[in-house]
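Scroll down for the structure; my scribbles are underneath it.
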Amino acid sequence: MKRDYFDSEPRSNEEIDGKPCRTCVDFKTWAKLTGKSGAKRGKNCPLDKDQLGRNTWSFLHTMAAYFPDRPTDEQQRDMKTFINLFSKFYPCEYCAKDMQVDIANDPPKTGSRSDLSLWFCNLHNKVNKKLGKPLFDCSKVDQRWFHGWDDGSCS
Ligand SMILES: Cc1cc2nc3c(=O)[nH]c(=O)nc-3n(C[C@H](O)[C@H](O)[C@H](O)COP(=O)(O)OP(=O)(O)OC[C@H]3O[C@@H](n4cnc5c(N)ncnc54)[C@H](O)[C@@H]3O)c2cc1C
């Protein structure tokens, strides 16, 4: 199947072991593809694309928020390796492929906690843009993922 990088349509015909790929589409699409239109998401069930995405971004942004201010060479190398490997194993194949292209065009910035946080914010915004979602104001990335909002609503 041809994959255009800026084609934002979920590739709902991707299959894993002969079954529609649950982590490649939203739940409604997946339910339709499996002939269960109208099915409800159960508790403690395998993730769909959006649940996986939300949980993963939470992890990635939080990981960046707690990266050292002054990482050692080894920590920087390890983070780059982690991001590279992550982009090979992310369990939505076309998302992973697009991420590999993004990383090749704009390699991870690991010089400091704030460099890495900003880099992930920009990466996430590339996906937001592709999906037609509003872009996040990256000057607020620490409020969202580290300190909590200035209005005290997270304290
Ligand atoms: C690496 C990766 C690649 C993905 N690729 C695709 C894809 O190709 N196609 C696809 O359909 N889905 C993709 N997804 C899933 C997609 O990004 C969303 O996670 C999913 O659509 C659910 O979106 P959401 O509106 O719940 O919020 P999400 O986009 O999951 O965001 C969660 C929260 O993060 C915060 N946030 C939003 N933008 C930023 C930002 N730039 N920086 C910091 N914080 C931010 C907001 O508070 C938001 O509520 C990908 C996910 C990941 C982790």
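Observations, loosely collected:
- Förster-model FRET efficiency, 25 Å R0, D26 and S139, C-beta, rounded to 0.05: 0.25
- Calculated accessible area for the chain comes out at 64 Å² per residue, all protein chains present (probe 1.4 Å; ligands, DNA, RNA ignored).
- Within straight-line reach of K109, meaning a Cα separation under 21 Å, sit the following lysines at least 8 residues removed in sequence or on another chain: K80, K88, K97, K126, K129, K140.
- Applying a 4.7 Å Cβ-Cβ cutoff to the chain, the cysteines left without a disulfide-compatible partner are C45, C154.
- Net charge, Q51 excluded, C-beta distance under 15 Å - Lys, Arg +1, Asp, Glu -1: +4
- Ligands, DNA and RNA left out, the 1.4 Å accessible surface of segment 63-145 is 54% carbon and sulfur atoms.
- Chymotrypsin sites (Phe, Trp or Tyr not before Pro) within segment 89-149: DSSP coil, no more than 11 neighbouring Cβ in 10 Å: W149
- Ellipticity estimate at 222 nm from DSSP helix runs (n ≥ 4, -39,500 (n - 2.57)) divided over the chain, nearest 500: -15000 deg cm²/dmol
- The stretch between D106 and Q51 holds 17.2 nm of extra length on full extension. This uses 0.36 nm per residue minus the Cα-Cα distance.
- The mean sequence separation of alpha-carbon pairs under 8 Å and at least six residues apart, normalised by the residue count of segment 52-147, gives a relative contact order of 36 percent.
- Equivalent ellipsoid dimensions for the chain as semi-axes, Å, which come from the Cα gyration tensor, largest first: 30, 19, 14
- Extension reserve of the E15-S155 stretch, reckoned as 0.36 nm per residue once the Cα distance is removed: 46.0 nm
The values are calculated or read from the model by the stated rules, or taken from the named source; none is laboratory data. Computed from a prediction, not measured in an experiment: that's the story for all the values here. So basically every Cβ, Gly included, is an ideal-geometry build from the backbone, and we count neighbours across all protein chains shown. Heads up: the accessible areas ignore ligands, DNA and RNA and are worked out on the full protein's heavy atoms, side chains in. Shrake-Rupley method; radii C 1.70, N 1.55, O 1.52, S 1.80 Å.
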